[in-house]
1. Please enumerate the residues belonging to the stretch 119-143 that are in contact (Cβ under 8 Å) with a residue 40 or more places away in the chain, open to solvent by 50 Å² or more (accessible area, probe 1.4 Å) and closer than 30 Å to residue 218 by Cα.
2. Take the stretch 21-45 and flag every residue that is in a loop (DSSP other than H, G, I, E, B), surrounded by 12 or more Cβ atoms within 10 Å (Cβ to Cβ) and free of Cβ contacts under 8 Å to residues at least 60 places away in the same chain.
3. Within the set of pairs 6+ apart or on separate chains, which have a first residue in the stretch 144-171 that is part of a loop (DSSP other than H, G, I, E, B), a second that is polar (S, T, N, Q), and C-beta atoms under 7 Å apart?
4. Taking only pairs six or more apart or across chains, which ones have beta-carbon atoms under 7 Å, a first residue in the stretch 76-97 that is open to solvent by less than 50 Å² (accessible area, probe 1.4 Å), and a second residue that is not in a loop (DSSP other than H, G, I, E, B) and not aromatic (Phe, Trp, Tyr)?
5. Please go through (1) farther than 23 Å from residue 147 by Cβ; (2) exposed (fewer than 13 other Cβ atoms within 10 Å of the Cβ) for residue 3 and return the number of the only condition it doesn't satisfy.
6. Tell me, yes or no, whether the stretch 51-63 has at least one residue that is touching a residue at least 24 places away in the same chain (Cβ under 8 Å), assigned to a loop (DSSP other than H, G, I, E, B) and within 11 Å of the ligand (Cβ to nearest atom).
7. Considering only the stretch 203-221, state which residues are exposed (fewer than 14 other Cβ atoms within 10 Å of the Cβ) and in contact (Cβ under 8 Å) with a residue 24 or more places away in the chain.
Amino acid sequence: MNLIGRPLYEAFIREYTAKQWQTDPKELPASIISRLPVRYTYDNRYFNDTYEGLPVDGYTAWLERMADHPNITVQLDTDFFDASQPINKQAVVGQVPVVYTGPVDRYFDYAEGELSWRTLDFEQEVLPVGDFQGTSVMNYPDAGVPYTRIHEFRHFHPERDYPNDKTVIMREFSRFAERSDEPYYPVNTAADRERLLTYRGLTEGEPEVFFGGRLGTYQYLDMHMAIGAALSTVDNKLDALFAGVDA
Ligand SMILES: O=c1ccn([C@@H]2O[C@H](COP(=O)(O)OP(=O)(O)O[C@H]3O[C@H](CO)[C@H](O)[C@H](O)[C@H]3O)[C@@H](O)[C@H]2O)c(=O)[nH]1
């Protein structure tokens, strides 16, 4: 309210935030809103960063190329908490360094209670038009619309060729995550923060386990922050563990 005043808060923030978090805004950390820059110019970009963009061929290709190395084996569909398969928590922790990027409460089998998380549902549709909304993301702040925003992929990559008579859109819906859902956002209420402190205490007792990413640290990290944090974990912690080990 201090940032933009009541009329703009009511038009753009109040109902969107209710849909996105289903949590009284007073319970949410101020950093959720203060991440949105307020400026008094006609610059209509989202953030103030010098460069904004996506990997040229997308995040999937970017990750596949990083993992495409003779020293790296990728094993998917393997549950770290399933002791019936060899690469499980009990078998590996303490034996080799582990970087864990799943939910921190799950790692400890929810011993200190559940942290609250939001998950997302997506509904994809192909429409028979060349351009549906003229922009990559359109937010729908009104309570009467069940989704929070619509993504239209062609606008993320204006440099690519797309058909003139078809476009892919995706509606995004937010809800509280159950244990079986994929968590996307830490809600981070005061109760969550208290619980997180006890989990942080527990992480200190884990030998050579490095908790990373939004889920492992219970932090609302943007992509550039998650990448930066991963690189500093390598520089500050992992490098030393592998010094002297043959590549
Ligand atoms: O129209 C809006 C937009 C945001 N918010 C409030 O501000 C918070 C932050 O909104 P963002 O859209 O910045 O948050 P997301 O993490 O959902 O955004 C993601 O999508 C953004 C673009 O839409 C950026 O790409 C961002 O880096 C990426 O994390 C929301 O939860 C909500 O409480 C509103 O109330 N109304």
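1. Answer for the stretch 119-143, where residues must be in contact (Cβ under 8 Å) with a residue 40 or more places away in the chain, open to solvent by 50 Å² or more (accessible area, probe 1.4 Å) and closer than 30 Å to residue 218 by Cα: 121, 122, 123, 124, 139, 140, 142, 143.
2. Those that are in a loop (DSSP other than H, G, I, E, B), surrounded by 12 or more Cβ atoms within 10 Å (Cβ to Cβ) and free of Cβ contacts under 8 Å to residues at least 60 places away in the same chain: 36, 37.
3. 148/20; 148/139; 148/174
4. Note: pairs meeting the criteria are 80/89; 92/98; 93/209; 97/238; 97/241.
5. Residue 3 satisfies every listed condition except (2).
6. Yes.
7. Of everything in the stretch 203-221, just one residue is exposed (fewer than 14 other Cβ atoms within 10 Å of the Cβ) and in contact (Cβ under 8 Å) with a residue 24 or more places away in the chain, namely 207.
Matching residues to (1) acidic (Asp, Glu); (2) farther than 20 Å from residue 138 by Cβ; (3) modelled with pLDDT under 90:
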{"site": "12", "(1), (2), (3)": "no, no, no"}
{"site": "25", "(1), (2), (3)": "no, yes, yes"}
{"site": "44", "(1), (2), (3)": "no, no, yes"}
{"site": "61", "(1), (2), (3)": "no, yes, no"}
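The values are calculated or read from the model by the stated rules, or taken from the named source; none is laboratory data. None of these values were measured; they are calculated from a predicted model. When we count neighbours, we look across all protein chains shown, and the Cβ atoms used for this are built from the backbone with ideal geometry, even at glycine. Note: accessible area is taken over every heavy atom of the protein model, side chains too, but ligands, DNA and RNA are not part of it. Shrake-Rupley method; radii C 1.70, N 1.55, O 1.52, S 1.80 Å.
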